[in-house]
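Step one of this worksheet: look at the structure below.
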Amino acid sequence: MFRSSSFWAHLGFKLATALLAVAGAVVLLVGLTRLIPGNPAMVILGSRATPEAVAALNERMGFDKPLHSQVGAFFSRLLQGDLGEDVFNGRPVLDLVGAALPNTAALAVSAIVLAIIVGVPLGVLSARRPGGIADRVIAFLSVGLISAPSFVVSVFLLLFFAVSLRLFPVLGAGDDGDILNQLWHLVLPALALAVGWIGYIARLLRSSLLEVLGESHVRTLRAYGVPEHRILMKYALKPAIIPLIAVLGMGFGELLGGAVFAEVIFNRPGLGSLIVDAIRTRNYPLVQGGVFVIVLLYVLTNLVTDLIQTFIDPRERSRLATGASR
């Protein structure tokens, strides 16, 4: 069992780190949006807007205040659960982001599940006979998959499987209420996001498996005549997967951000397309709200992943049980 003081100290450190990361992201977010060229009020109102109308919109959006005041105002609204209002229709940004988030989350989850389903067996197959034909082929494919940019893969899949072969829908997210149709529309975008992670998971698991297979307790099992496939699947796979957990946590956060390419290319509704449209129209409250939610989910996912890894990793459990520090 964990010593309570050690566990709470560990949890407190992780929470403090997460809060600092979110706070730093908010400061950068507010600052960077102000660096986008052009007067946002002029872009929103048009070139024929009167100076009075431009000044009134700047005041409404808070652009007439110093940067530190704008950051403070953003934090103040966050504490009240308010991400601001859409400049054009006055709807709460939280409602717009909440409506778009499920589509992006479904895309990210589908991509990471697909990457696990394909990448883990490839990693196991590659580790069974290091240096063999299968290992070399998988290594070549993995490097190629990791190197392929997601937007290039998205365009290729769209043109080849949807436009040329007509096996999948070209654009959109499917009909509302039709689950099968929505899943069918999800295949190509999810595959486009998963491709790079398939190669990464395969290479990481292979490396982790080979490290575990070289440990002394595995050599003891071999000396007792335990079959190699049993050693691999029963005794080596579980500890070898532990390093993947942290990677998958970061992967899910990155997929939330990377989904913007797939959503734009496949014309899917979601946070990515919402943020891109907001940037195009200088709708800064919507840009800030959408990016903030992605950052928050990224930080929370990594926090939860780190805690899960702490509980399942024997070394971390031993460290916390004895109250040792990192």
Which residue pairs have Cβ atoms closer than 8 Å, lie 6 or more positions apart in sequence or on different chains, and pair a first residue in region 191-202 that is open to solvent by 10 Å² or more (accessible area, probe 1.4 Å) with a second residue that is of a type in the set (A, V, I, L, M) and not in a helix (DSSP H, G or I)? Val195/Ala148; Gly196/Ala148
Please list, ordered by first then second residue, the pairs with beta carbon atoms under 8 Å, 6 or more apart or interchain, first in region 50-75 and closer than 12 Å to Pro40 by Cα and touching a residue at least 24 places away in the same chain (Cβ under 8 Å), second outside any helix (DSSP H, G or I) and open to solvent by 40 Å² or more (accessible area, probe 1.4 Å). Phe63/Arg34
With (1) outside any helix (DSSP H, G or I); (2) of a type outside the set (Val, Ile, Thr); (3) touching a residue at least 24 places away in the same chain (Cβ under 8 Å) as the list, and Gly225 as the residue in question, which single condition is left unmet? (3)
Pairing a residue in region 229-244 that is within 15 Å of Ser126 (Cβ to Cβ) with any residue that is open to solvent by less than 60 Å² (accessible area, probe 1.4 Å) and assigned to a helix (DSSP H, G or I), where Cβ atoms lie under 6 Å and the two sit 6 or more apart in sequence or on different chains, gives Ala236/Leu209; Ala236/Val212; Ala236/Leu213; Ala240/Ser208; Ala240/Leu209; Ala240/Val212
Test Leu209 against the criterion of being closer than 24 Å to Pro121 by Cα, surrounded by fewer than 14 Cβ atoms within 10 Å (Cβ to Cβ), in contact with a Gly (Cβ under 8 Å, 6 or more places away or on another chain) and not aromatic (Phe, Trp, Tyr), and give yes or no. no
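Here are Pro102, Pro189, Pro130: which of them is more than 21 Å from the chain's Cα centre (by Cα) and either of a type outside the set (D, E, K, R) or part of a loop (DSSP other than H, G, I, E, B) (or both)?
Just one listed residue meets the conditions, Pro130.
In region 38-66, which residue that is surrounded by fewer than 12 Cβ atoms within 10 Å (Cβ to Cβ) and farther than 16 Å from Ala278 by Cβ is modelled with the lowest pLDDT? Walk me through it before giving the result.
Our first condition is that a residue be surrounded by fewer than 12 Cβ atoms within 10 Å (Cβ to Cβ); within region 38-66, this holds for 38, 46-48, 50-52, 66.
Still in the list and also farther than 16 Å from Ala278 by Cβ: 46-48, 50-52, 66.
Working: Gly46: 71, Ser47: 68, Arg48: 73, Thr50: 80, Pro51: 79, Glu52: 80, Pro66: 78.
Taking the candidates together, the pick is Ser47.
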Restricting region 223-260 to residues that are open to solvent by 60 Å² or more (accessible area, probe 1.4 Å) and within 18 Å of Gly196 (Cα to Cα), the one nearest to the chain's Cα centre (by Cα) turns out to be Glu254
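Restrict the check to region 133-153 and report whether at least one residue is part of a loop (DSSP other than H, G, I, E, B) and β-branched (Val, Ile, Thr).
Our first condition is that a residue be part of a loop (DSSP other than H, G, I, E, B); within region 133-153, this holds for 148-149.
In the following step, the residues that additionally are β-branched (Val, Ile, Thr) were identified as none.
No, region 133-153 contains no residue that is part of a loop (DSSP other than H, G, I, E, B) and β-branched (Val, Ile, Thr).
Which of the residues that make up region 186-225 are aromatic (Phe, Trp, Tyr) and within 19 Å of Ile245 (Cα to Cα)? Even if it seems obvious, please write down each step before you answer.
Filtering region 186-225 for residues aromatic (Phe, Trp, Tyr) gives 197, 200, 224.
Passing the criteria: Trp197, Tyr200.
Across region 70-128, which residue is surrounded by the fewest Cβ atoms within 10 Å (Cβ to Cβ) among those that are more than 30 Å from His229 (Cα to Cα) and β-branched (Val, Ile, Thr)?
Among them, the one singled out is Val109.
The values are calculated or read from the model by the stated rules, or taken from the named source; none is laboratory data. Predicted model only: the values in this text are computed from it and were never measured. Every residue, glycine as well, gets a Cβ built from its backbone with ideal geometry; the counts of neighbours run over all protein chains shown. With ligands, DNA and RNA removed, areas are computed over all heavy atoms of the protein, side chains included. Shrake-Rupley method; radii C 1.70, N 1.55, O 1.52, S 1.80 Å.
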